[in-house]
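To start, the structure itself, in structure tokens.
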Amino acid sequence: MSFLNQDLNPPFYCLFYRESQLTLGWVESQQGNKVAVWTTYSPKSSLLTLNRLELFWKPPNMETERQEAIAGLKARYEDLLQLAQTCPIEELYELSAPNVESSLEDLVNEVFGESYQMHEAVSLFVALEQDRRLFKRKNKHYMARTAEAIALIDKQQEALLKEQQFARQTKAWIQELEEGRWTEKTASDEQKLWLRQILHLLVDGKSSAHWSRFAHVLSLKQLGHGESDELFLLKILGQAGCRPSFGRLTLLRAGVKYDFPETLDDEVKGITKTSVATSPVAMQAFTIDGSKTKDYDDAISVMEYGDSQVKLVVHIADLSAIAKDSLLFQESLKRVSSVYTVKQNFPMLPEVLSEDYYSLRAGVARQVVSFYFDILHDGRTTLQAIKQQTIHIDKNYTYEEADELIEKQESFWGELSRYLESVRLLRLEEGALDFSHQEVEIEARDPIQITLVDRDTAANRLVEEIAILVNQTSGDFFCQNQIPALYRTQTYEVLQEPQEGESLSRSDVKLGSSQTSTTPSPHQAVGCLTYVQNTSPIRRLSDLLMQSQMTHFLNYQKPLFLEETLMGYSQQIDTRQKAYQRATRDLETHWKFKYLKQHEGETFAGRLQRNLPYGRVEVLLDAILLTFAHSKIDAPHQQLLHFKIQEVDVEHRTAYVLCAY
């Protein structure tokens with residue numbers, strides 16, 4: 001309570017805070033420690049405790065009538081505000097020592113002298129309360145701020161004004177977009193930046209640097225697929241003509257990078273101008289890959305084959321010359337791997353490198369890391385050598401072409417396939433899983449085409465076995481030489497044993513997550529005691545790291561990377577790979593539902609894979625493995641059923657189906 005008048009009895013004027021606003025009132029009566037106050041915001045008086053009153057004083061004319069005082073509150077307060085504007089606050093600040101407490105009466109005496117008028121004291125109080133820039137209040141006293149404190153306040157005020165301007169501008173631009181007054185094509189640079197910030201907000205959510213300001217202005221609470229706040233932001237971008245597709249948004253959220261920075265250009269040009277240093281070794285070399293592949297990173301040569309053994313050489317594109325302090329290496333650390341989607345591929349390395357300079361394309365000489373193996377007829381293998389050398393690529397075979405060569409037993413192909421099948425059988429004896437391999441191939445055209453591709457062909461098994469052989473051998477190499485490495489591990493648990501004469505199916509096994517570790521551990525799923533990915537340095541960071549580690553040791557008898565460094569890379573790789581895998585699964589599911597949307601009302605043949613918790617079933621619908629919301633289906637596993645597609649919601653990825661037994 002104010003010191004100015006200690007023994008006042010109603011009636012009198014007072015100042016108090018109501019909802020953070022300084023308010024003028026007329027106190028008519030007192031009841032204990034409470035007073036009845038009339039204000040301009042209520043037609044009747046309100047009770048306030050005495051400690052709520054910041055200042056109170058007797059009217060200059062004690063004969064002031066109650067009605068006149070109440071009716072004149074608004075005008076009197078406006079007069080006080082005008083008087084407060086004339087108070088010499090800055091002069092008072094110059095006369096005051098920083099951080100020294102002064103009472104209001106001290107300050108009033110300093111400005112107006114000891115014979116001050118009550119309205120002068122009140123106006124100074126109002127001035128001090130309305131502008132806390134030069135003086136801060138501590139209880140009933142005031143202290144002049146330091147110059148540093150004032151500078152900080154000015155900075156905060158500037159930021160506040162910017163946020164207020166941002167809020168006004170944001171609401172205005174949203175209104176203008178709704179009215180169709182501009183789009184991204186006609187937007188100013190400032191508006192384009194604003195649209196990019198909204199996109200970043202959709203991608204990063206609450207971790208976005210723009211979350212707090214947009215969340216405050218637009219009352220955002222949660223961003224996620226199907227959430228109302230997300231749909232609202234997508235609507236804004238849609239009105240501007242730049243709404244991201246589901247695929248683009250999904251990939252951006254997974255951290256997929258669309259473009260390479262221009263800062264790489266000079267370094268990449270320098271690499272491409274470097275010619276092959278040595279003449280090719282005299283051997284024929286072939287690749288086997290998909291028909292659309294451009295980034296060939298492994299090839300094979302068969303030096304000898306016969307009844308007792310096959311001498312196989314596996315060539316891996318040599319990228320070990322990429323220095324670990326180079327910009328290209330740093331960019332690879334950010335990307336971790338190439339990402340392949342239905343509509344677009346996102347390489348780990350610029351295309352001029354991944355699809356040309358390093359790619360093992362037919363008709364060119366390439367530097368490689370070659371693994372020389374002897375494979376016996378019973379499946380036992382021996383590593384004879386690992387060499388860095390140059391080879392000439394004779395042909396890029398597709399899987400279909402290689403299957404034909406194996407079937408016709410041309411040249412070494414039939415023998416190589418049989419020998420590698422013996423290697424596979426040895427792995428199975430060590431506990432490797434042997435599931436049938438079928439992949440969904442989606443063609444994003446109109447109409448969308450989906451086919452189920454068999455990956456159990458002889459050529460596919462041959463390529464898979466060669467990759468496992470190199471990776472297992474690499475694991476043994478690092479472990480035996482005690483070189484820090486990134487080991488790939490995976491465990492599994494058999495949920496139920498298959499019936500006699502049958503092999504394990506996916507539904508019989510619970511697979512653990514595949515992980516990267518610097519500690520040698522078994523990869524049970526492929527039946528290997530140690531396993532280091534070392535066959536795809538063009539496509540995977542882990543392979544690039546391990547190839548560099550291996551070749552550096554071979555050349556200098558010491559590792560390139562310390563274990564602590566690899567541990568850091570390991571965490572980064574696992575985190576990013578999981579995000580990529582989720583994104584590619586989500587995209588594949590999205591295209592499957594778009595495909596089903598084309599066939600609403602039609603009936604598909606399908607087989608129950610398994611009943612899932614929470615009223616869901618997993619069904620193989622022609623070539624499409626999907627999870628539907630459906631009550632439990634009491635049908636034998638793999639029994640042929642019929643599903644009628646009732647309604648498909650692509651945006652929310654849900655489908656309503658009827659099942660006919």
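The values are calculated or read from the model by the stated rules, or taken from the named source; none is laboratory data. Every value quoted in this text rests on a predicted model; they were computed, and no experiment measured them. Note that we place each Cβ from the backbone using ideal geometry, even for glycine, and neighbour counts take in every protein chain shown. Accessible surface is based on the protein model in full, side chains and every heavy atom, while ligands, DNA and RNA are left aside. Shrake-Rupley method; radii C 1.70, N 1.55, O 1.52, S 1.80 Å.
With bins 5 Å wide starting at 0, give me the P(r) of the range 183-339 over every alpha carbon pair, in whole percents.
1, 6, 11, 12, 12, 11, 9, 9, 8, 6, 5, 4, 3, 1, 0, 0
Take the Cα radius of gyration of the range 541-661 and divide it by 2.2 N^0.38 Å, with N its residue count; two decimals is plenty.
Values: Rg = 22.4 Å, N = 121, 2.2 N^0.38 = 13.6 Å.
Against the empirical 2.2 N^0.38 Å value, I get 1.65 for the range 541-661.
Work through the residues other than V203 whose Cβ is under 13 Å from its Cβ and net out their charges, Lys, Arg +1 and Asp, Glu -1.
Working: positive: R196, K206, R248, R253, K257; negative: D204, E230.
So the environment of V203 carries a net charge of +3.
Can you give me the accessible area per residue for the range 434-554, using a 1.4 Å probe, in Å²?
Details: 5540 Å² over 121 residues.
On a per-residue basis, the range 434-554 sits at 46 Å².
Taking 7 Å along the Cα-to-C-beta vector as the label spot, tell me the L640-E429 distance in nanometres, rounded to one decimal.
4.0 nm
Using the heavy atoms of the protein chains alone and a 1.4 angstrom probe, what is the accessible area of the range 158-266 per residue in square angstrom?
Dividing the accessible area of the range 158-266 by its residue count gives 58 Å².
Over the chain, with every protein chain in place, what whole percent of the accessible area is carbon and sulfur at 1.4 Å, could you tell me? If you can, show how the numbers build up before the last one.
Numbers: 16210 of 34850 Å².
Accessible surface attributable to carbon and sulfur in the chain totals 47 percent.
Report the residues of the range 269-312 in range of a label on K257: point 7 Å along Cα→C-beta, backbone N strictly under 19 Å from it.
Once the point is set 7 Å along Cα→Cβ of K257, 269-272 turn out to lie under 19 Å by backbone N, inside the range 269-312.
Sorted by packing (mean other beta-carbon atoms within 10 Å per residue), highest first, where do 102-110, 429-437 land? Write down the numbers at each step before the final one.
Details: 102-110: 17.4, 429-437: 13.6.
Ranking, from highest mean packing down: 102-110, 429-437.
In Å, the Kirkwood hydrodynamic radius of the range 276-343 over pairs of distinct alpha carbons? Show your work: numbers first, answer last.
Numbers: mean 1/r = 0.0647 Å⁻¹.
For the range 276-343, inverting the mean 1/r across all distinct Cα pairs yields 15.5 Å.
Under 16 Å between alpha carbons, and skipping anything fewer than 8 positions from K343 in its own chain: which lysines qualify?
Partners found: K257, K292, K294, K592, K594.
Using each residue's phi in the range 280-288, evaluate 6.51 cos²θ - 1.76 cosθ + 1.60 at θ = phi - 60° and report the 3J(HN,Hα) Karplus result to the nearest Hz, with x for Gly and Pro.
x, 6, 6, 7, 7, 9, 9, 10, 10
Roughly how many whole Å is it from the C-alpha centroid of the range 467-533 to that of the range 411-446?
After rounding, the separation between the Cα centres reads 16 Å.
Using a Cα distance threshold of under 22 Å, what count of lysine pairs results for the range 21-136 when pairs must be 8 or more residues apart or interchain? Write down the numbers at each step before the final one.
Details: K34/K44; K34/K58; K44/K58; K44/K74; K58/K74.
Final tally of qualifying lysine pairs is 5.
What does the extension gain come out to for E407 and R455, with contour length at 0.36 nm per residue minus their alpha carbon separation?
Values: separation 48, 0.36 × 48 = 17.28 nm, distance 1.58 nm.
Contour length minus Cα-Cα distance gives 15.7 nm.
Residues with amide H under 5 Å of T341's amide H, sequence separation 5 or more or different chain, H placed in the peptide plane at 1.01 Å from N; which?
It is F346, by chain and number.
State the Cα centre-to-centre distance between the range 316-355 and the range 85-152 in whole Å.
65 Å
May I ask for the equivalent-ellipsoid semi-axes of the range 224-284, computed as the square root of five times each C-alpha gyration tensor eigenvalue and listed largest first in whole Å?
Values: eigenvalues 415, 48, 16 Å².
Its equivalent ellipsoid spans semi-axes of 46, 16, 9 Å.
Give the residues of the range 98-115 whose amide nitrogen is closer than 11 Å to a point set 7 Å from the Cα of T146 in the direction of its Cβ.
Residues 98-99 qualify, since their backbone N sits under 11 Å from the label point.
Along the three principal axes, how long is the range 110-269 when you take its alpha carbons, biggest first, rounded to the nearest angstrom?
Taking max minus min along each principal axis of the Cα atoms, the range 110-269 gives 79, 45, 30 Å.
Can you tell me the order of 354-363, 129-138, 533-542 when each peptide is scored by its average per-residue count of other Cβ atoms within 10 angstrom, highest first?
On the way: 354-363: 18.5, 129-138: 14.8, 533-542: 24.4.
Ranking, from highest mean packing down: 533-542, 354-363, 129-138.
In the chain, which whole DSSP H runs stretch at least 15 Å along their own axis (Cα) and average 0.0 or higher on the Kyte-Doolittle scale? Working shown, then result.
Numbers: long enough: 73-86 (20 Å, -0.40); 118-130 (18 Å, 0.75); 147-178 (47 Å, -0.55); 189-204 (22 Å, -0.14); 228-239 (16 Å, 0.58); 413-429 (24 Å, -0.29); 458-480 (32 Å, 0.33); 541-556 (22 Å, 0.06); 563-597 (50 Å, -1.38).
Qualifying helices: 118-130, 228-239, 458-480, 541-556.
First check a/c for the range 1-125, with a ≥ b ≥ c the square roots of the eigenvalues of its C-alpha gyration tensor; if it is under 1.5, answer rounded, and if not, answer prolate when a/b is larger than b/c or oblate otherwise. It would help to have the intermediate numbers written out before the result.
Numbers: a/c = 1.88, a/b = 1.70, b/c = 1.11.
It comes out prolate by the Cα gyration axes.
FRET efficiency for S507 and I174, Cβ-Cβ distance as r, R0 = 60 Å, nearest 0.05? Spell out each step's value before the answer.
On the way: r = 50 Å, r/R0 = 0.84.
Computed FRET efficiency for S507 and I174: 0.75.
Would you mind classifying the range 498-565 by shape? Square roots of the alpha carbon gyration tensor eigenvalues, ordered a ≥ b ≥ c; an a/c under 1.5 is rounded, otherwise it is prolate if a/b is larger than b/c and oblate if not.
prolate
Tell me what the chain gives for mean residue ellipticity at 222 nm when only DSSP H runs of n ≥ 4 count, each as -39,500 (n - 2.57), the sum divided by the residue total, rounded to 500 deg cm²/dmol. Write out the running numbers ahead of the final one.
Details: 17 runs with 242 residues, N = 661.
Result for the chain, helices only: -12000 deg cm²/dmol.
Give me D for the range 108-172 in µm² s⁻¹, whole number, from Stokes-Einstein with Rh from the Kirkwood sum over alpha-carbon pairs, 37 °C and 0.692 mPa s. Intermediate values should be presented prior to the final figure.
Numbers: Rh = 14.2 Å.
Value of D from the Cα-based Kirkwood radius: 231 µm²/s.
After finding the eigenvalues of the alpha carbon gyration tensor for the range 385-424, what semi-axes result from the square roots of 5 times each, listed largest first in whole Å? Kindly include the intermediate steps, with their values, before the conclusion.
Details: eigenvalues 94, 54, 15 Å².
Taking √(5λ) for each eigenvalue gives 22, 16, 9 Å, largest first.
By per-residue mean of other Cβ atoms within 10 Å, what is the highest-first order of 455-467, 78-90? Please report the intermediate quantities before stating the final value.
Working: 455-467: 18.7, 78-90: 14.9.
Sorting 455-467, 78-90 by mean packing, highest first, produces 455-467, 78-90.
Determine the shape class of the range 404-491: with a ≥ b ≥ c the square roots of the Cα gyration tensor eigenvalues, call it rounded for a/c under 1.5, and otherwise prolate if a/b is greater than b/c, oblate otherwise.
oblate
Taking just the alpha carbons, could you work out the radius of gyration and Dmax for the range 349-433, both in angstroms?
16.1, 43
Expressed as a whole number of Å, what is the distance separating the alpha-carbon centroids of the range 571-643 and the range 377-405?
37 Å
So if we plug the beta-carbon distance of T382 and K578 into 1/(1 + (r/R0)^6) with R0 = 30 Å, what FRET efficiency do we get, rounded to 0.05?
It comes out at approximately 0.25.
For Rg/Rh (Cα atoms, Kirkwood Rh), several values are listed as (1) 1.01; (2) 0.97; (3) 1.19; flag the one computed from this structure.
(3)
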